[in-house]
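Right, I'll just put the structure down here and ask away after.
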Amino acid sequence: MYTPRLLFPALVMCPTGLLSTKHNIVGYIAFWLFLTFFGCSTVAVLSAFLYRYIALKSKLRKFLSPKWLIILGILHVTYELPTIILYALGISNRNEIDKAVLMQRPNIAPYYNGIGCASIHFDVTPFPFLFMLSCIAAFTLGVPIVVTLVLKSFSTLKKQRNLMSPKTYKMHHQLLTTLIFQLLVPITTLFGPFIVNSLLVMAGAENIAWLMQSAFVLGTLHSSFNTLMMFYFIQPYRQAFLRLLKIKNISSIAAITAIDFSRTDPMLRMTNLNLSPITIKYNK
């Protein structure tokens, strides 16, 4: 539906595919939608870690109430709103923008003239510079928040370990570990490449058009990599996938009982206990 043609490092993005148009306003709307969906991805990553932390605090009922779900939904679609506003302020004089873009990069004229494109330029207004700073801030803001939630989640899990069954503790620990590795996916496919590209645009780098195109390709692989990460780290998903492929999971064959002798209480903690069901027959 939206296949952007990036005229990088010029700040130009032209929609092709179903949204291909000769009207610049459609090009702007398409780009604003792209930013909105990018913000949704950021908030979705933050929400996953927040959900896990709140689950450990036993406050899911409040978190899943209509009030908080509405707030979270609004945050999804408004996260990039400051960035979009700064971009909108930077497009006030399109004629001057077109002249500046084509004067600086005349080779893009065949791909730019007569096509509806979202376009801004640093020399026309100061807002494009602020827009790029806002992009970088929006991409990086989630990292310290996620790190804080991870540390607090592991601290809470450690404090509540004695109050949980071994199976429950193992489940929470496994899900937290999975989330940490899942964070690597958006960093390497979404946030990281776009942060680098934004910095290069601000620095006026040349001959690196392939980098922005590569960033978009990596971005499209985000969901696929997330799915593979879930299959690898969460055992029930992995076993279901292996059963679908008719491959027997080795871990289900050799299940070993591990006893933690560091516990001082009479009840020894046993983990990874997978026993086959026992059938008892009574003869009349």
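Sorted from largest down, what three extents in whole angstroms do the Cα atoms of region 36-121 have along their principal axes?
60, 22, 18
For a distance above 19 Å, tell me the whole-number percent of Cα pairs in region 139-233 that qualify.
Of the Cα pairs, 55 percent sit more than 19 Å apart.
Convex hull over the Cα atoms of region 3-249, averaged projected area in nm²?
16.5
I need D123, D98 ordered by Cβ neighbour count within 10 Å, fewest first. Kindly include the intermediate steps, with their values, before the conclusion.
Working: D123 13, D98 18.
With the sparsest Cβ surroundings first, the list reads D123, D98.
Another one. Using R₀ = 41 Å, calculate the FRET efficiency as 1/(1 + (r/R₀)^6) where r is the Cβ-Cβ separation of L211 and K167; round to 0.05. Show your work: numbers first, answer last.
Values: r = 46 Å, r/R0 = 1.13.
Working from the Cβ atoms, E equals 0.30.
A short reminder: the numbers here are calculations on the coordinates, not readings from a lab. Only a predicted model underlies this, so the values are computations on that prediction, with no experimental measurement involved. Here the Cβ is made from the backbone with ideal geometry for all residues, glycine too, and neighbour counts use every protein chain on show.
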